[in-house]
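First up is the structure itself, then whatever we jot down about it.
Any read-out appearing in this document is the output of simple, stated calculations on the displayed coordinates, not a laboratory observation. Everything quoted here is computed from the prediction, not taken from an experiment. Neighbour counts run over all protein chains shown; Cβ positions are idealised from the backbone, glycine included.
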Amino acid sequence: MDEHSDAKWYQYRRTAETTLAGPWMLAWLVSTIALGYLDPSGPLRVAVALVPLPFFGWFVWRFLQLIRKSDELERRIQLEALAIAFPLSIATVMVFGLLEGAGLQPVSGWPLKGMGIYFVIFYLVGRNVARRRDA
């Protein structure tokens, strides 16, 4: 039997970037859940909301170290991923702002607090496009 016969239509591969983002994403998730249980007028909410910030700073610092140690192809892939993700992120924020200015606001409000996940998705899409092109 072929060793690839049980291969899936996608190939998940944990990368260094996703491993580095783990602590930051976990801190963001814990902070988001905790904010749902805290008193809306309590001063502790500000501290809990800022908990992911040091983790994000650590992620950026380690990610830059990873990029500096990478070879030229990986650097180009990361640059192309960011070149795709950044304009998509700006366009998303712009469209949400313009729609809000036009008076189109859904019942639950704009997903501003969850907008970061769009940016991560745009980066992952950009990285996959760059990897497929350079593969």
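Find how much the distance from A91 to L66 grows on full extension, using 0.36 nm per residue of separation minus their present alpha carbon separation; answer in nm with one decimal.
Between A91 and L66, full extension yields an extra 6.2 nm.
Can you give the FRET efficiency to the nearest 0.05 for I121 and S41, using r as the Cβ-Cβ distance and R₀ = 30 Å?
Working: r = 33 Å, r/R0 = 1.12.
Taking R0 as 30 Å, the efficiency between I121 and S41 is 0.35.
Here the gap between E74 and A49, fully extended at 0.36 nm per residue and compared with their Cα-Cα distance, gives a gain of 5.6 nm. Other residues within the sphere of radius under 13 Å centred on the Cβ of F63, judged by their own Cβ, net out at +3 (K and R +1, D and E -1). Extending 7 Å from Cα along the Cβ direction at W58 and again at N128 yields two label points whose distance is 2.9 nm.
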